[in-house]
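A.B. asks: Can you keep this structure in mind? I'll have questions shortly.
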Amino acid sequence: MSGWTAHLPVLPVVLPLIAGAAIVLIDDGKRPLRALLAVLATLAQLGVALWLAGIAGGLLHSPWGSEIGVYAAGNWAAPFGIVLVVDRLSALLLVLTAALGLMTLLYSLARWDRAGVNFLPLFQFLLMGLNGAFLTGDLFNLFVFFEVLLAASYGLLLHGSGAARVRAGLHYIAVNLVASLLFLLGAALIYGVTGTLNLADIARKLPALTGADRSLFDIGAVLLGIVFLVKAAAWPLNFWLTPAYSSAAAPVAGVFALMTKVGVYALLRMGTLFEPGGRPPLFGGDWLFYGGLATIATGAAGMLAAQQLGRLAGHAVIVSSGTLLAAIGLLGNQYTPSMLLYLCSSVLATGAFFMLIEMVERNRSYGADLLAVSFEAFGLADPDDPTGPDDVVGIAIPAAMAFLGLSFVMCALLITGLPPLSGFVAKFGLIAAALEGAAGLTPVGSWVLIAALLLSGLAGLIALTRNGIRVFWSNARSTPRLQVAEAGPVAALLLLCVALAALAGPAMDYLQGTAATLHAPERYINAVLQAEGVGR
Amino acid sequence: MELVYAMAIGIVTGSGVWLLLRPRTFQVIMGLALLSYAVNLFIFAMGRLNMNQAPVLDPTRVIDVAQYADPVPQALVLTAIVIGFATTALFLVVLLASRGFAGTDHVDGSEGEHR
């Protein structure tokens, strides 16, 4: 229990906090310095996340002596202090956050960070909230990190301003404020009956709850479940998502693709932890399964009906959330690895898709989604204007249309789950598990799941093909001009998906280990409650 | 005391929900404010209601949990107040921006067909 590596789990929270605060203090005129600091901080987060994943996966030496790392903040042992817990699932999501965050950050540096003030600090605080939510082992601390990421997301959603963003932002903020109040009610009720806020301690005390106390606990848990379903965009709590995501600036929408997965993570984490003491409703079982199916159906219908690519992408996020919720609802160990692979693949794909859309639609009319006022105010110029400053345009990469077309096809394959990319591997895994008649499914249920997965893929394919034809085969459009700084991150995200498909074997090994840890919650509980402080 | 307390929370929550469902942005923000008061009172009640008891250790008292108020809900309420205050202030800014862009204080940015 010595050495600085024992402090690794706190770095994903502290690094963006310090970087974000430092960037606020640097003068707006020193743009390269601000950008450099932001990129370095995000790179460092990626490094720490990979290291933690290596420790959790058993590849690197563990400073905790076990796979599950527990960091007691201020050396107050659980359940009295607040703990950060790193297991395979947390580490996986940290890596995903840092990778997507880095790519969207690089993309935004091409020009989006200048469409408003304080983009870079807000972006760091968003990453801090996401990392914290994935790490924390304390219910109220989870609320605090939710608020951190939401507060940053409010600012980021409004980035660039404009009537559409403000209107969508108003609804988004109102919905999330109400959800936060429900979170507080749920957390308070659970504290009232169990006397603790530590997740592991709640799970330990759960079997002893009986009668009225158990009912009160279930009510509190259902309130929490509603909050997580709002965040995860489950039907019928998802009407805020499409307007918000489709009106957000491209890199913001790209990183928002991960935010619905925070709700999914919370449901998965608490659902598995509370399993031995009796899973409360909404954290698994029929409610989640059929809710997930309804979410898939509404998302697929929305994809077919969407007139704009932005709305199409928003509905694709809803479909991916629905698929994850349905898979969690089945409670089966067999589904978890494929479900997690689907999560990674769909986050990377939808994130790349949001940024790609902005590049594809750019030739429609430059800055149609930005107010002319904010262009003037922040010194952005039309790149087609020959009198404009050169640095805004950059070097137009050749064969831009070929790149865009290829990326679009790859996104379509990933989102609909067609071979040969990682979306297919994940969906195939889910369908194979359903065909084998895995636990928790009646024969009818497994066929319904298979039908939902295939039909949602078909709906996505129809919608994407139709929009692809409209965008790429029409003569009315000029070739958009791209910068390497914009095309590079999208290409990198898609290549990550290719790597995920090519290295599906090792990836699935890690994910199977993740599932094994998740479905043996006593390991998590014992690790948290027996942890000693750093340096003791 | 419990009955009065519960009724107070109920009345504030009811008013908050009603205001939240109104079409004007100012009504919505007042509804959110009322709801957050109700939630704060509720969290406080989860530490059990009692009077004249200290939340921190007092050397003149007997060391017995029954002699103390639960300090955790008080700390939670404090955090919730701070966060709620900040997000409400942010919502107020967005409300004003929406009013400026849309020229109306309707939550949808337009009056709609049915006034």
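The values are calculated or read from the model by the stated rules, or taken from the named source; none is laboratory data. Here the structure is a predicted model, which is why all the values come from computation and not from measurement. Using ideal geometry, Cβ is built from the backbone for each residue, glycine included, and neighbour counts are taken over all protein chains shown. Remember, those area values only see protein heavy atoms, side chains included, never the ligands or the DNA or RNA. Shrake-Rupley method; radii C 1.70, N 1.55, O 1.52, S 1.80 Å.
A.B. asks: Round to the nearest 10 and give me the degree value, 0 to 90, for the angle of helix A:31-56's Cα axis relative to the longest principal axis of chain A.
C.D. replies: Once rounded, the angle reads 40 degrees.
A.B. asks: Using a 10 Å cut-off on Cβ to Cβ distances, tally the other chain neighbours for every residue of A:132-145 and report the average as a whole number.
C.D. replies: On the way: counts 0, 0, 0, 0, 0, 0, 0, 0, 6, 1, 0, 4, 3, 0.
Other-chain Cβ atoms within 10 Å of each residue's Cβ, averaged: 1.
A.B. asks: Additional query: Percent of Cα-Cα pairs more than 30 Å apart in chain A, please.
C.D. replies: On the way: 66632 of 143380 pairs.
Summing the P(r) tail past 30 Å for chain A gives 46 percent.
A.B. asks: To the nearest 500 deg cm²/dmol, what mean residue ellipticity at 222 nm is calculated for the protein assembly as shown from DSSP H runs of n ≥ 4 alone, each contributing -39,500 (n - 2.57), summed and divided by the residues?
C.D. replies: Details: 25 runs with 439 residues, N = 651.
That calculation yields -22500 deg cm²/dmol at 222 nm.
A.B. asks: Quick one: P(r) of region A:250-304 from all Cα-Cα pairs, 10 Å bins, percents rounded to integers, in order of increasing distance.
C.D. replies: 21, 38, 31, 10, 1
A.B. asks: Sticking with this structure for a sec: Quick check: Cα centre of region A:10-65 to Cα centre of region A:271-291, how many Å?
C.D. replies: Region A:10-65 and region A:271-291 have Cα centres spaced 34 Å from each other.
A.B. asks: So if I place +1 on the C-beta of Lys and Arg and -1 on the C-beta of Asp and Glu, and nothing else carries charge, what would the dipole magnitude of region A:176-275 be about its Cα centre? I want it in debye, nearest 20.
C.D. replies: About 140 debye.
A.B. asks: Okay, moving on. Hey, any idea what the orientation-averaged projected area of the convex hull of chain B's Cα atoms comes to, in nm²?
C.D. replies: Numbers: hull surface 35.4 nm².
Projected area, direction-averaged: 8.8 nm².
A.B. asks: Kindly provide the pair-distance distribution of region A:149-263 built from C-alpha pairs, with 5 Å bins from 0 and whole-percent values in order of increasing distance.
C.D. replies: Distribution as computed: 2, 12, 19, 19, 13, 11, 9, 7, 5, 2, 0 percent.
A.B. asks: What does the average come to when, for each residue of peptide A:178-189, you count the partner chain Cβ atoms lying within 10 Å of its Cβ? The partial results should precede the final answer.
C.D. replies: Values: counts 8, 0, 7, 12, 2, 2, 11, 7, 0, 4, 12, 3.
Counting Cβ atoms of other protein chains within 10 Å of each residue's Cβ and averaging gives 6.
A.B. asks: Let me ask something else about it. Nearest 10 degrees is fine. How inclined is helix A:260-273 to the longest principal axis of chain A, computing both from alpha carbons?
C.D. replies: 10 degrees
A.B. asks: On to the next question. Ignoring ligands and nucleic acids, what accessible area does A:Ile18 show with a 1.4 Å probe (Å², nearest 10)?
C.D. replies: 100 Å²
A.B. asks: OK, next. Taking all protein chains together and a probe of 1.4 Å, list B:Ile81, A:Ile296 from the most accessible to the least accessible. It would help to have the intermediate numbers written out before the result.
C.D. replies: Numbers: B:Ile81 80, A:Ile296 5 Å².
Heavy-atom accessible area, descending, gives B:Ile81, A:Ile296.
A.B. asks: Report the label-to-label distance for B:Asp64 and A:Leu455 in nanometres (one decimal), using points 7 Å from each Cα along the Cα→Cβ vector.
C.D. replies: Result: 6.5 nm between the two label points.
A.B. asks: What full-extension length gain, to one decimal in nm, is calculated for A:Val10 and A:Leu406 as 0.36 nm per residue of separation minus the Cα-Cα distance? Could the numbers behind the result be given before it?
C.D. replies: Numbers: separation 396, 0.36 × 396 = 142.56 nm, distance 3.98 nm.
Fully extending the segment from A:Val10 to A:Leu406 adds 138.6 nm.
A.B. asks: Here's a follow-up. To the nearest 10 degrees, how steep is helix A:211-231 against the longest Cα principal axis of chain A, on a 0 to 90 scale?
C.D. replies: In chain A, helix A:211-231 runs at an angle near 10 degrees to the longest axis.
A.B. asks: Which one of A:Leu96, A:Leu288, A:Leu455 has its Cα pushed farthest toward the positive end of the charge dipole of the protein assembly as shown, where Lys and Arg give +1 and Asp and Glu give -1 at the Cβ?
C.D. replies: Working it through, the farthest residue towards the positive pole turns out to be A:Leu455.
A.B. asks: Between A:Ala499 and A:Lys30, what length comes free when the chain is fully extended (0.36 nm per residue of separation minus the Cα-Cα distance, one decimal in nm)? Walk me through the numbers on the way to the answer.
C.D. replies: On the way: separation 469, 0.36 × 469 = 168.84 nm, distance 3.69 nm.
Value of the extension gain: 165.2 nm.
A.B. asks: Take the eigenvalues of the Cα gyration tensor for region A:1-153, scale each by 5, and report the square roots as semi-axes in whole Å, largest first. Mind showing how you got there, number by number?
C.D. replies: Working: eigenvalues 161, 54, 34 Å².
Those come to 28, 16, 13 Å.
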